[in-house]
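Undergrad: My structure is below; once you've seen it, I'll send some questions.
No value in this document is a laboratory result; all are computed from the given coordinates. Every value quoted in this text rests on a predicted model; they were computed, and no experiment measured them. Positions of Cβ are generated from backbone atoms using ideal geometry, with glycine treated the same way; all protein chains shown enter the neighbour counts.
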Amino acid sequence: MEVVLDSGRLRKLKSLLLTYLFAVNAAADCVRPPSVPDDIDLSEESMLVDQYTEGVQLSLICVSGFIRESGTGITTCKNGEWTPSDLTCKRKDCGPPDPQPHMTFDLSQGTLFGATIRAFCDKGQV
């Protein structure tokens, strides 16, 4: 058996195959978003999404103890990758504790979320 390939048809076939491969790769799905910084997480709604197709948008939120400083918190699946989110979060200021009789507080670590405040009873108080 003898097979003769026409070089014009072969070039056309190669061109068609390359076009197909480029089109498929241009609109690739994304994998689950990578882990985000400790102060940011996916919104509850975004956690329920199970398919990350081209163009899907997910919302990011600040975790408990942090508040939004700036940004939209949106990331989009584009060409198989997630766009960077511009969300920045900062620690919430919890403020000082309410004054208590016969008690003082050591606020040397500040009052931002995660800081430790030490309480001291006045001398002679329990």
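Undergrad: Give the dimensionless ratio obtained when the Cα radius of gyration of the range 27-91 is divided by 2.2 N^0.38 Å.
TA: Normalised Cα radius of gyration, the range 27-91: 1.09.
Undergrad: Normalised by the residues of the range 71-126, what does the relative contact order come to in percent, with Cα pairs under 8 Å and at least six apart?
TA: About 25 percent, as a whole number.
Undergrad: Using amide H atoms built in the peptide plane, which far-off residues or other-chain residues are under 5 Å from LEU60 H to H?
TA: SER43, ILE74, THR75
Undergrad: OK, next. At a Förster radius of 22 Å, what calculated FRET efficiency corresponds to the Cβ-Cβ distance of ASP38 and ILE117, to the nearest 0.05?
TA: 0.50
Undergrad: Enumerate the amide H contacts of ILE40 below 5 Å, restricted to partners 5 or more residues apart or on another chain; note that Pro and chain-start residues carry no placed amide H.
TA: For ILE40, the qualifying residues are VAL63.
Undergrad: HN-Hα J couplings of the range 77-83 from phi, Karplus 6.51/-1.76/1.60, θ = phi - 60°, integer Hz, Gly and Pro as x?
TA: 6, 9, 6, x, 9, 8, 6
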